[in-house]
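Worksheet for the structure shown next.
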Amino acid sequence: MKKIILLGYMGCGKSTIAKLLSEKTGIPYLDLDEIIEEKTQMSIPDLFNERGEIYFRKLEHQIFQDLMTNSQSMVLSLGGGTPCYSNNHELLKGTGICSVYLAASIPTLYNRLIHNKTGRPLLANKNEDELKEFIAKHLFDRSFFYHQAQFKVNVDDKNPENIVSEIEGKLA
Ligand code: S3P
């Protein structure tokens, strides 16, 4: 059993890289946000708006815990906040679990997220100035949790194929 967990801030490329890594390794791809949406039959923005963030975080924790304690192999893309709540970062230390932090700089994240805010309830209502400041503070707050990952890969100015090769090199 092998679980490869990709974590990092919104917009760092977790889903794209996880899909590609899954294709290259043959290990099945899973996306935590997608699983939450399937189980609830609600979109992430609707969950935040109608049930609130605390409800979302509880569900996220339960599902993540189940995934980390089952015997399924997976390449799993987390939500940006997953390692930062409910001691979820401790679950990354289980046997057979490899975690990789996809680290992106504030300018990289800003340039990606400014065009991709909708669908992300924490960012959707921020204007350009607010968004830059929010990312900077939020990334700082979350940095401790992201650095609990076993490996860190910087993703700035790299294409997905190179990032995947780098991850494979670390996991070898
Ligand atoms: C969140 C990130 C989102 C999603 C939710 C909350 C966060 O996932 O889980 O909107 O707290 O950073 P992505 O990182 O895939 O956007």
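Can you go through Asp129, Asp141 and tell me which one is assigned to a helix (DSSP H, G or I), of a type outside the set (Val, Ile, Thr) and modelled with pLDDT under 95?
That would be Asp129, the only listed residue that is assigned to a helix (DSSP H, G or I), of a type outside the set (Val, Ile, Thr) and modelled with pLDDT under 95.
Which of the following residues is under 19 Å from Pro45 (Cα atoms) and in contact (Cβ under 8 Å) with a residue 12 or more places away in the chain: Lys126, Lys170, Lys152, Lys117?
On the way: Lys126 fails: in contact (Cβ under 8 Å) with a residue 12 or more places away in the chain; Lys170 fails: under 19 Å from Pro45 (Cα atoms); Lys152 fails: under 19 Å from Pro45 (Cα atoms).
Every option except Lys117 fails the conditions.
What pairs come up if the first residue lies in region 14-28 and is under 9 Å from Val75 (Cβ atoms), the second is assigned to a loop (DSSP other than H, G, I, E, B), and their beta carbons are under 7 Å apart, counting only those six or more places apart or on different chains?
Ser22/Pro28; Ile27/Lys2; Ile27/Ser73; Pro28/Ser73
Among the residues of region 138-165, which ones are of a type in the set (Asp, Glu) and more than 22 Å from Pro83 (Cα to Cα)?
Of everything in region 138-165, those that are of a type in the set (Asp, Glu) and more than 22 Å from Pro83 (Cα to Cα) turn out to be Asp157, Glu161.
The values are calculated or read from the model by the stated rules, or taken from the named source; none is laboratory data. Quick caveat, the model's predicted, so the values are computed rather than measured. FYI the Cβ positions are ideal-geometry reconstructions off the backbone, even for glycines, and counts take in every protein chain you see.
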